[in-house]
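As structure tokens, the structure follows; a few thoughts come after it.
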Amino acid sequence: RCEGLDTVCEVFLNGKSAGSADNMHRTWEYEVSGLLLPGENTIEVRISSPISAIRAADAKEHLAGARDAMRGFPHIRKAHCMFGWDWGPRLPDAGIWRGICLIGEGRARITDMRVRQRHTESGVFVAASVLLAGNAEIQITMTDPNGRALALKPDEWTVVPNPQLWWPNGLGGQPLYTVRAQAINENGETQDSAEKRIGLRTLTVAREKDEWGESFAQSVNGCRFFAMGADYIPEDNILSRVTPEQTRRLLEQCVAANYNTVRVWGGGYYPDDFFFDICDELGLVVWQDFMFACAAYRLTPEFDATIRAEFTDNVRRIRHHACLGLWCGNNEVEWFHDLGFAKDDLRSRADYTKIFEYVIPEILAREDPDTFYWPSSPSSGGSFDKPNDPNRGDVHYWEVWHGVKPFTDYRNHFFRYVSEFGFQSFPNMKTIESFTLPEDRNIFSRVMETHQRNSGANGLILLYLSRTFKYPGGLDDLVYLSQILQAEAIRYGVEHWRRNRGRCMGALYWQLNDCWPVASWSSIDYYGRWKALHYAAKRFFAPVMISCHETGETTGRVAVTDEPSLIETKARLCVANETRGEISGSVRWQLRDAASETFESGSVWLTVPPLSSVWLDEKDFAGTDFLRNHLSFSFDIDGIPVSAGTALFTAPKHYQFEDPRLTGVRQGKKLTITAEKYAKWVEIIPDGDAVFSDNFFDMEKGSAEIEILQGDFQNFRLRSLYQTASE
């Protein structure tokens, strides 16, 4: 049994062929009883070049695919991004990437185990079924989180006493139950066993007609929640480097930034069991793509047979996990055809429909009828019916970045669920130093451009920078400003969609992580270093969040006049509550100048129902000096700010910052940061690697206490927007 052969290979036992493989995403089993010898046996796997395989196939018939990948990649069932993507190198890994074992057929063997659950008004019921090769008695027990065991009869529904429900992060706990099946022979000996860990919950997607079109909202235990998170790609181009410890660190950092959802992108591979185990434990709902992305496919009999086996293997492996929120057929393939990238290949369209609207649903109906299926991302439901419709289904929105529209453009759109949108930045300076020499440290050097896989993106970062900030004095400041640009872009979108919760019910930004050190859309770089975006995500994904919709000279375009009375300066605050309990507190705001002096202030007592957002009345600051004044705001519960922010009425490059004279003192695991005036986007820069309780934050005159959560360092320095650029 070979659980991971990557990809085109032949398996030999004692020098004789046992069989071949051509799909890294499935499990291969070979009958070898006639090839075994007494004593030591030798297994040999001969792996052929995947590049040669796709070139030969593409020479016979070209299939359209993402232009950043090698031609021919859709012909082979291998992680597409290994052949290159607009964030990854062309580095097709090869090898034995999951376990190989020898299975004796003389004993009873459990070949599959399924655990299902049913939630009714009268209770929660579970049922377990086992597929058995051979003869044996099946005994099944379910152990609750407190260690109490419950006997289950195969294929019969059993009520769970005092059921403890599983919830996504931020909505409740993650109690897990263990279901164990044993195959016992007539002598009372255990011949085989299987074990699944489950969470008791209902988890689906609600699609209902409404005043805006049709909803697309994830629902757990009857509660519709706003999905908050990012898109996950393979953690390394070299698969053997990915470890459970590394994956746990990454997913724990998702929880630290208040994620409740992670989307597994369809151009990589189906993650290891430990990925889903960790998501179960942390409360991260998984949107799981099948492994197809940005390409056309040919449904030959051979391709049909291998993908059916692939789907069955992975659905059976993953379906029991509490975290599994939905299956999705592919990434952007329906949209790819709709936009004409497949050059109106009608056969490819027909094959698309067969794979994603017939084959996968057929297998899911048999193997996992309880999990919601969505044919593509983005999609309005299939059949090439406006797959990126803003009023139905999920959306990928790239007009900010690829379309060069300003960040404020997000506020023009009220999507039902945004499963992809993003903005690039450079990785941290320590990461850049890992792949450059001093003479390479210019963003247009060959080395730096090689570590930028999206054509023209370094120039695009500079274009957006020109709209927003003053020109930086060096690469270090440019990296800092690029990360603030990225964080600001995504903040504009997420805060807007959370303010319009109910109409929009999800914001998953592109992307969480990197597979090598590179300039990209990630919020955590290859070495696990947080960019400004990840710290910002911790704030804009917070269960209770206050945000501001401001109006002013905010797009970087200079107004016709600097006369304050002629510039509209309005602001409307909103508090979003993504918890299952009602919250009450004070909304406080102050109109301040660059020295943090207050000119106008106010407070409002506000009660926000669970799973909702509440707008406050708009404030008109007519005549304010938009070049020197800004708005500071917070939502306080019991006198303690739980969420806060500031808003400018002009682009940061035009705001007349004054030197905040930042200072910092460390005592053990805490830093005390002090500012004498308003400081925006304060960064703590340690001489080692560290994760802080907050970083890249705004502060008024006063002090802020910051904890060191991970890592260590000897010294640190501080900077803010004032201390970059020509000043």
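The values are calculated or read from the model by the stated rules, or taken from the named source; none is laboratory data. Computed from a predicted structure; not experimentally measured. Cβ atoms come from the backbone with ideal geometry, glycine included; neighbour counts cover every protein chain shown. Surface accessibility is based on the protein's heavy atoms, side chains included, excluding ligands, DNA and RNA. Shrake-Rupley method; radii C 1.70, N 1.55, O 1.52, S 1.80 Å.
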Practice item. Provide the per-residue ³J(HN,Hα) series for the stretch 331-342, in order, calculated from phi with Karplus coefficients 6.51, -1.76, 1.60 and θ = phi - 60°, each as a whole number of Hz, with x at glycine and proline positions. Key: 9, 6, 6, 4, 5, 4, 5, 4, 7, x, 5, 8
Review point. Stokes-Einstein D for the chain at 25 °C, 0.890 mPa s, Kirkwood Rh over Cα pairs, in µm²/s?
Key: 89
Revision key, fill the gap. The pairs in Lys531/Lys670; Lys405/Lys538; Lys405/Lys701; Lys196/Lys430; Lys386/Lys619 lying past 31 Å Cα-Cα in this model are Lys405/Lys701; Lys196/Lys430; Lys386/Lys619
Revision key, fill the gap. Relative contact order of the chain (C-alpha contacts under 8 Å, at least 6 apart) in percent is 9
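Ignoring any ligand, DNA or RNA, what whole percent of the accessible area of the chain comes from carbon and sulfur when the probe is 1.4 angstrom?
Working: 13660 of 28720 Å².
Answer for the chain is 48 percent, counting heavy atoms of protein chains only.
Mind putting a number on the dipole of the stretch 629-712 about its Cα centre? Charges go on the C-beta only, +1 for Lys and Arg and -1 for Asp and Glu, and I need it in Debye to the nearest 20.
220
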Check your understanding: How large is ³J(HN,Hα), in whole Hz, for each residue of the stretch 478-494 in order, when computed from phi with the Karplus curve 6.51 cos²θ - 1.76 cosθ + 1.60 and θ = phi - 60°, using x for Gly and Pro?
Key -> 5, 4, 4, 5, 5, 6, 5, 3, 4, 5, 5, 4, 5, 4, 3, x, 4
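Once the piece of chain linking Asn146 and Gln246 is laid out straight, how much longer is it, given 0.36 nm per residue of separation minus the C-alpha distance between them?
Gain in length upon complete extension: 33.1 nm.
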Practice item. At most 11 other Cβ atoms within 10 Å and a DSSP loop assignment: could you name the GluC sites (Glu not before Pro) in the stretch 614-722 that fit? Key: Glu618
Exercise for review: Hey, can you find the accessible area per residue of the chain for me, probe 1.4 Å, expressed in square angstrom?
Suggested key: 40
Revision key, fill the gap. The answer for the net charge of residues other than Val130 whose Cβ lies under 9 angstrom from its Cβ, with Lys and Arg +1 and Asp and Glu -1, is -1
**Study point:** Gain on full stretching of the segment that runs from Ser122 to Thr672 - 0.36 nm per residue minus C-alpha separation
**Key:** 192.6 nm
**Study point:** Contour excess over end-to-end distance, with Cα ends at Arg207 and Glu582 and 0.36 nm allotted per residue
**Key:** 132.4 nm
Study note, to complete from the structure: Under 5 Å from the placed amide H of Ile684, counting only residues 5+ away or on other chains, we find Phe696
Revision key, fill the gap. The equivalent-ellipsoid semi-axes of the stretch 115-175, taken as the square roots of five times the Cα gyration tensor eigenvalues and listed largest first in whole Å, are 25, 13, 12
Review point. Could you give the radius of gyration (one decimal) and Dmax (whole number) of the Cα atoms in the stretch 17-153, in Å?
Key: 22.6, 61
Practice item. Quick one: what are the phi-derived ³J(HN,Hα) couplings along the stretch 655-664, Karplus 6.51/-1.76/1.60 with θ = phi - 60°, whole Hz, x for glycine and proline? Key: 5, 8, 4, 10, 4, x, 6, 5, 9, x
Exercise for review: Using a Förster distance of 30 angstrom, determine the FRET efficiency expected from the C-beta separation of Glu568 and Glu597, and round it to 0.05.
Suggested key: 0.85
Practice item. Find out how many positive minus negative residues lie around Arg717, taking Lys and Arg as positive, Asp and Glu as negative, among other residues whose Cβ is under 13 Å from that of Arg717. Key: -2
